[in-house]
Amino acid sequence: MVEIGGRPILWHIMQHYASYNHREFIIALGYKGEFIKKYMADYVSLHSSLTIDFRSGTVTHHGNHRPEWTVHLVETGVNTMTGGRIRRLVPYLGNETFMLTWGDGVSDVDLDALLAFHRSHGRLLTVTAVRPPARFGHMQFDGDRVTEFSEKPQAAEGWINGGFFVAEPGIIDYIDGDDTPFERAPLENLARDGQFMAYRHESFWQCMDTLRDKILLEALWDSGRPPWKTWQSSSDSMD
């Protein structure tokens, strides 16, 4: 619920998915889940004009943009680990391919291309692999002489888990229970079994783990051209 441009990062992520016509969301709630419930429950009222009939208690919404979203807010336990949270969502997922991501990062990843890649290989899980932004200036040397300097480039070597997964229901069999972190045994065993593929994303990706990250994303939003904004808006509020 930490905000970028006055909107929670969760809203930015959902807008990105909706721009690719993925409009049904299942949010696994845990610590401070009540804040997400309140935000979602109040969203339409706070972004519409209202007529309130105090005698009947009815509220009528008028005008303004309302996303065509269906949002399931599922209590998955305060102490449940990431794998356990996914497992608890099974009744809502159905027996079909689903997308999965964390709530702490934004990207301009092409979700259509990601889904097509996943369907092309037939494995259980695809992760969006990204090169993390470097935090410090990069230097190359010839002896003690600096031959190249780049201020905070994206890391040239190595790929990391950028979230934005596509998964088949079979991944649930790799999750033992509430105490299972998805990033540990499930991913390790999926990789061991040859069921884990990576979609390499070379363009924008940024997590928001620190105040430094938040300041960076705020500056990008304020520039008027945030690189993760894949949706169209009719006003500066970007509803």
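Within the chain, helices built from complete DSSP H runs that reach 15 Å or longer along their own axis (Cα positions) and carry a mean Kyte-Doolittle hydropathy of -0.5 or higher are 33-46, 111-121, 211-222.
Once the Cβ-Cβ distance between residue 32 and residue 178 is put in as r, and R0 is 25 Å, what FRET efficiency do you end up with, to the nearest 0.05? Walk me through the numbers before you get to the answer.
Numbers: r = 18 Å, r/R0 = 0.73.
In this case the efficiency is close to 0.85.
Using Cβ point charges alone (K and R +1, D and E -1), the dipole size of the range 3-222 about the Cα centre works out to roughly 440 debye.
Can you give the FRET efficiency for residue 79 and residue 219, using 1/(1 + (r/R0)^6), R0 = 35 Å, r = Cβ-Cβ distance, to the nearest 0.05?
Values: r = 35 Å, r/R0 = 1.01.
Efficiency for this residue pair is about 0.50.
Straightening the chain between residue 93 and residue 200 buys 35.9 nm, computed as 0.36 nm per residue apart minus the Cα-Cα spacing. Here the contact order of the chain, divided by its residue count and restricted to Cα pairs under 8 Å and six or more residues apart, works out to 25 percent.
With charges only on Cβ, +1 for K and R and -1 for D and E, what is the dipole size of the range 6-106 about its Cα centre, in debye, rounded to 20? The partial results should precede the final answer.
Details: 10 positive and 8 negative charges, 33 e Å.
Dipole of the range 6-106, to the nearest 20 debye: 160 debye.
When only alpha carbons are used to place a centre, the range 166-211 and the range 52-111 end up 20 Å from one another. For residue 26, the residues 5 or more places off, or on other chains, whose built amide H falls under 5 Å of its own are 72.
Please label the shape of the range 5-115 as rounded, prolate or oblate, based on the square roots a ≥ b ≥ c of the eigenvalues of the alpha-carbon gyration tensor (a/c under 1.5 means rounded; beyond that, a/b larger than b/c means prolate, else oblate).
prolate
Close amide-amide hydrogen proximity is noted between residue 230 and no other residue 5 or more places distant or on a separate chain, at a cut-off under 5 Å (H modeled in the peptide plane; Pro and chain starts excluded). Between residue 119 and residue 48, the contour length at 0.36 nm per residue exceeds the alpha carbon distance by 21.6 nm. Where both bridge residues fall in the range 3-222, DSSP classifies roughly 65% of the beta bridges as antiparallel.
Throughout, read-outs are computed from the coordinates displayed, never taken from laboratory work. Keep in mind the model is a prediction, meaning the values are calculated, not measured. Positions of Cβ are generated from backbone atoms using ideal geometry, with glycine treated the same way; all protein chains shown enter the neighbour counts.
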